[in-house]
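K.L.:
One structure coming up, written as structure tokens, with questions to follow.
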Amino acid sequence: MKHSFFITKPASDVPSKHLPDGAVTGNGDLSLIWSGHPDCLRLYVSKSDFWKPEEGDRSGGGLSPLGIIEIRIPQLAYSDYNVEEQLDGGYIEGNFEAAHVKAKLVTRVCAVENTILIELDVTRPASSVSFELQPIEKNGAVCENVQLGDVQYITRSFADLCYAFETHGIMAIREISRKRLDGSEKIRVAVTAMTNHDSAAYKRSTLIRVSAIDDERFERLTTLHDRWWNKFWQKSGINIVDKEIETHWYAGLYIIACCTRNKKFPPGLWGNFSTDDDMAWHGDYHLNYNYEAPFYALTSSNHIELMECYDAPLEDFLPYARIFARKYLGCRGIYFPVGIGPLGMDTSKIDGTKEHGRLFLGQKSNASYAACVMAMRWYGTRDPEYAENHAYPFMRELADFWEDYLSYENGRYIIRNDAIHEVGFWSDLDFMPEHHDEVNPIISIGMIKLTMRALLDMQIVLGLDPDRTVKWRDILEHVGPVLTYEENGKSYLRATEEGMLFTWLVLQYMYPAEEIGQRSDKRLFDAAYNSFIKADVWEHGNLFCSYYPVAARLGVAPEVIFEKMKDCIHSHTLGNGMYRFAGGGVENNAAVPACVNEMLMQSYEGIIRLFPNWNRNEDASFFGLRAYGAFIVDADLKSGIVNAVIYSEKGGALTIEKPSDGDYAVIKEGLTIPFEGREITLDTHMDERIIIKCIGKK
């Protein structure tokens, strides 16, 4: 099936300080956002590393656009607007017609280098068509606009001494060719872009690259681009009856792929889709869920390559986080504020707060929350190199912090002076919120357990720090505990032991902290289910990315999940695969793939469940989903019967739950092993394939 969005009216909110509503594409670093009308299209170019690195004051600085490509086609002044954002091929195509002139404009942000490929076909000679770069001369930027032979280039820089670092960017445009055939004309244009974060010779390199592009190179880059996207979609995919949900599954991964390939500058709140300066909240990395959420679906969707950028800003901020822990709390380890930027940039500075001039917002769990994505990647890949170089060192510093910060009282570990919700210390210098000193917030407990469990698991593989095993296991087993409370005969998860009684945030103990599941104590699972119903936040802008995966894990009726999901799509989509709620940005693109993946396959408890939350009367199939334990799974459900192939990437124990009623068997090394109970556990070898087959339907 072809997966596309068809946009029939020009963008109405570009430039925007949030996500734009025009067609978008990108290569993970460079993005292109369409705006304007057919006779004067304005294509905004944004780059993941083009920041105005102004620390503090949340109304200024942050991710900024690099420049604008303006395409003028006067003959199309009265054309209808017909634009296709093609997800499978990673390009945008506009088809316009007016005054007996037809035009097809295709734009690709080349997947293998930072070059934008523009191809225009018009049915009449187009001498009046022009392509020009427009600099954005505002907000303190220093700009150039230079014509150098057949190349035009613009530069934009933020280099004041008050900035955390310097940012310089360049865009260069050149018409490659014009060819006439049977009265029509084909025009090819290339735009190249770089920043000083790519190379000290960014300006020279960009001009050399654009000058070297000819028709042969243009066609070669187009071919390489198409191959990249084809290979990308070969890693995983789904085929379900509801094609609207299916398209938004693909869109979720498409949008994340467009903004997560610069290894030092991952996506913040708005990805790399910046069309204005001073994007809301700097477009920074909010660590109390916003930064983590875009990555939620990437492990299960088998796109580990898009997670390569995740750790960089966290690791760059470590020197400051160590100072904060020691200076402000007297602890070893790391203490992160809510918001950070790239390259150690501190976006949480704000004069006069009660938290040392920064926005910790009363929360001690920001760094621990950041560990949840590292844990997902570790459990999904069992990659010892990643663990040794990134996940384990980061989590070990979290363990240092919690060992010092937790108080040990009456045989258990207590978290004091923490907050489950953001506390508004910034709002009034004399304001002391009610919940600034809560005890044992459920999210902090969940993230501590996640950290300790992952550390202990990695420790076995890496053979590191054996002297710390006893302490970490003791904290894992004795922090908290998570409490419930009774109301009208039903039990609910309690938000804190002392402080706030209930909030919808309690569900994050289940996802992404992964501390409640089908194998949990029934009392706790029932409390989680009741809490889900009580919260009733199907359209909450800060929970779209987590509430739906929770629904799948709790076993909420799949028909209800899809109905509510489509309500959100219809109410909050921008028409380009992204969403606008009252809160949240590109994080919302994780919602559909993360939820649907959990409906099709679950593995978070160390057991693979196939179609665990699916209508068994509705056929479905998927390929390439990644399960914990480093297993890759293909499966189909047809007429109520499940068949699957599981590929063991690293070897090790594999536990599979019987997919449905009937007689099922596992075929391993030519042997047929029937399910004799609810589940079966096998030892697997590296690169081994296991077949699950129905051998008789009851």
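The values are calculated or read from the model by the stated rules, or taken from the named source; none is laboratory data. What you are looking at is a predicted structure, and each value in this text was computed from that prediction instead of being measured. Every residue, glycine among them, receives a Cβ derived from its backbone with ideal geometry; neighbour counts consider all protein chains shown. For accessibility, only protein heavy atoms count, side chains too; no ligands or nucleic acids. Shrake-Rupley method; radii C 1.70, N 1.55, O 1.52, S 1.80 Å.
K.L.:
Find how much the distance from Leu682 to Cys40 grows on full extension, using 0.36 nm per residue of separation minus their present alpha carbon separation; answer in nm with one decimal. Each step should come with its number before you reach the end.
P.N.:
On the way: separation 642, 0.36 × 642 = 231.12 nm, distance 6.24 nm.
Once the chain is fully extended between Leu682 and Cys40, it gains 224.9 nm.
K.L.:
Let me ask another. With the other protein chains left in place, how much accessible area per residue, in square angstrom, belongs to region 524-563 at a 1.4 angstrom probe?
P.N.:
That works out to 30 Å² per residue.
K.L.:
Say the dipole of the chain comes from +1 at the beta carbon of Lys and Arg and -1 at that of Asp and Glu; which of His248, Ser48, Tyr579 then lies farthest toward its positive end?
P.N.:
Going by the charge dipole, the pick is His248.
K.L.:
Ok, one more. Using only the alpha-carbon atoms, how far is helix 243-257 inclined from the longest principal axis of the chain? Give it as 0 to 90 degrees, nearest 10.
P.N.:
Orientation of helix 243-257: about 80 degrees from the principal axis.
K.L.:
Rounded to the nearest 0.05, what FRET efficiency do Ala653 and Glu219 give with R0 = 60 Å and r taken as the Cβ-Cβ distance? Could you check?
P.N.:
Rounded to the nearest 0.05, the efficiency is 0.75.
K.L.:
Please state the charge dipole magnitude for region 36-136, taken about the Cα centre, from unit charges on C-beta atoms (+1 on K and R, -1 on D and E), reported in debye and rounded to the nearest 20.
P.N.:
260 debye
K.L.:
From the backbone phi of region 454-466, what are the Karplus-calculated ³J(HN,Hα) couplings (6.51 cos²θ - 1.76 cosθ + 1.60, θ = phi - 60°) in whole Hz, Gly and Pro given as x?
P.N.:
Once θ is set to phi - 60°, the couplings for region 454-466 become 5, 4, 5, 5, 5, 4, 4, 6, 8, x, 10, 6, x Hz.
K.L.:
Rounded to whole Å and sorted largest first, list the principal axis extents of the Cα atoms in region 532-669.
P.N.:
That gives 53, 32, 30 Å along the principal axes, largest extent first.
K.L.:
A follow-up question, please. Based on Cβ point charges of +1 for Lys and Arg and -1 for Asp and Glu, what charge dipole magnitude is obtained for region 234-376 about its Cα centre, in debye rounded to the nearest 20? All intermediate terms of the calculation are to be shown ahead of the outcome.
P.N.:
On the way: 13 positive and 16 negative charges, 146 e Å.
That gives a dipole near 700 debye.
K.L.:
Ignoring ligands, DNA and RNA, what percent of the accessible area of the chain is carbon or sulfur (1.4 Å)?
P.N.:
Its accessible area is 48 percent carbon and sulfur atoms.
K.L.:
Same structure again: Could you go through region 580-597 in sequence order and give the Karplus-derived ³J(HN,Hα) for each residue, using 6.51 cos²θ - 1.76 cosθ + 1.60 with θ = phi - 60°, rounded to whole Hz, and x for Gly and Pro?
P.N.:
Values per residue, Gly and Pro as x: 10, 9, 5, x, x, x, 5, 3, 5, 6, 7, 4, 5, x, 5, 6, 4, 4 Hz.
K.L.:
What pairs from Lys186/Lys231; Lys47/Lys566; Lys9/Lys102; Lys243/Lys650 go past 24 Å between their alpha carbons?
P.N.:
Lys186/Lys231; Lys47/Lys566; Lys243/Lys650
K.L.:
Using a simple spin-label model with points 7 Å from Cα along the Cα→Cβ vector, what separation in nm is obtained for Leu181 and Gln234?
P.N.:
Distance between label points: 2.8 nm.
K.L.:
Continuing with the same structure: Using R₀ = 45 Å, calculate the FRET efficiency as 1/(1 + (r/R₀)^6) where r is the Cβ-Cβ separation of His356 and Tyr485; round to 0.05.
P.N.:
It comes out at approximately 0.85.
K.L.:
Still on this structure, I have one more. Accessible area per residue for region 370-504 in Å², computed with a 1.4 Å probe and the full protein assembly in place, what is it?
P.N.:
Result: 42 Å² of accessible area for each residue.
K.L.:
If a paramagnetic tag sat 7 Å from the Cα of Glu498 along the Cα-Cβ line, which residues of region 466-481 would have the backbone N under 18 Å from that point?
P.N.:
Backbone N within reach: 479-481.
K.L.:
Relative contact order of region 345-470: what whole-number percent is it, with Cα pairs under 8 angstrom and at least 6 residues apart?
P.N.:
This gives 31 percent for region 345-470.
K.L.:
Using 0.36 nm per residue, how much length does the chain from Lys638 to Gln518 gain when fully extended, once their Cα-Cα distance is taken away?
P.N.:
On the way: separation 120, 0.36 × 120 = 43.20 nm, distance 2.50 nm.
Here the answer is 40.7 nm.
K.L.:
Out of Ile690, His197, Ile608, whose Cα points farthest toward the positive end of the dipole of the chain (charges: +1 Lys, Arg; -1 Asp, Glu; placed on Cβ)?
P.N.:
The residue sitting most towards the positive pole is Ile690.
K.L.:
Follow-up. Which whole-Hz couplings ³J(HN,Hα) result when phi for each residue of region 77-91 is put into the Karplus expression 6.51 cos²θ - 1.76 cosθ + 1.60, θ = phi - 60°, listed in order with x for Gly and Pro?
P.N.:
Listing the rounded values in order: 4, 10, 7, 5, 9, 9, 10, 10, 9, 8, 6, 5, x, x, 8 Hz.
K.L.:
Expressed as cubic angstrom per residue, what is the convex hull volume of the alpha carbon set of region 70-125?
P.N.:
Convex hull of Cα atoms, per residue: 88 Å³.
K.L.:
First obtain the Kirkwood hydrodynamic radius of region 607-665 from its Cα pairs, then insert it into the Stokes-Einstein equation at 4 °C and 1.567 mPa s, and state the resulting D in µm² per second as a whole number.
P.N.:
The diffusion coefficient I find is 108 µm²/s.
K.L.:
Here is a follow-up. Provide the gained length on full extension for the span Ile323 to Ile691, in nm with one decimal, where the gain is 0.36 nm per separating residue minus the Cα-Cα distance.
P.N.:
127.3 nm
K.L.:
Now, a different point. Under a point-charge model restricted to the Cβ atoms of Lys and Arg (+1) and Asp and Glu (-1), what is the dipole moment magnitude of the chain relative to its Cα centre, in debye to the nearest 20?
P.N.:
That gives the chain a dipole magnitude of about 1060 debye.
K.L.:
Which entries in the list Lys104/Lys138; Lys449/Lys534; Lys17/Lys52 go over 22 Å, if you measure between the two C-alpha atoms of each? Walk me through the numbers before you get to the answer.
P.N.:
Working: Lys104/Lys138 33 Å; Lys449/Lys534 25 Å; Lys17/Lys52 14 Å.
Cα-Cα > 22 Å for Lys104/Lys138; Lys449/Lys534; rest within.
K.L.:
Something else about it: Could you pull out every residue, at least 5 positions away or on a different chain, whose amide H is within less than 5 Å of the one on Glu679? Hs are placed 1.01 Å off N in the peptide plane, and Pro or chain starts have none.
P.N.:
Placed amide hydrogens put Lys658 under 5 Å from Glu679.
K.L.:
Also, quick follow-up: Expressed in whole Å with the largest first, what are the equivalent ellipsoid semi-axes of the chain derived from the C-alpha gyration tensor as the square root of 5 times each eigenvalue?
P.N.:
After diagonalising the Cα gyration tensor, the semi-axes are 43, 33, 23 Å.
K.L.:
Per-residue ellipticity at 222 nm for the chain, helices alone: DSSP H runs ≥ 4 residues times -39500 (n - 2.57), over residue total, nearest 500 deg cm²/dmol?
P.N.:
Calculated from helices alone, the mean residue ellipticity at 222 nm is -8000 deg cm²/dmol.
K.L.:
Using alpha-carbon pairs under 8 Å, 6+ residues apart, how would you state the relative contact order of the chain in percent?
P.N.:
12 percent
K.L.:
For region 75-229, with every protein chain kept in place, what is the accessible area per residue (1.4 Å probe, Å²)?
P.N.:
So region 75-229 comes to 45 Å² accessible per residue, rounded to a whole number.
K.L.:
Extent of region 617-698 along each principal axis, from alpha carbon coordinates, in Å, largest to smallest?
P.N.:
Cα extents, longest axis first: 34, 26, 20 Å.
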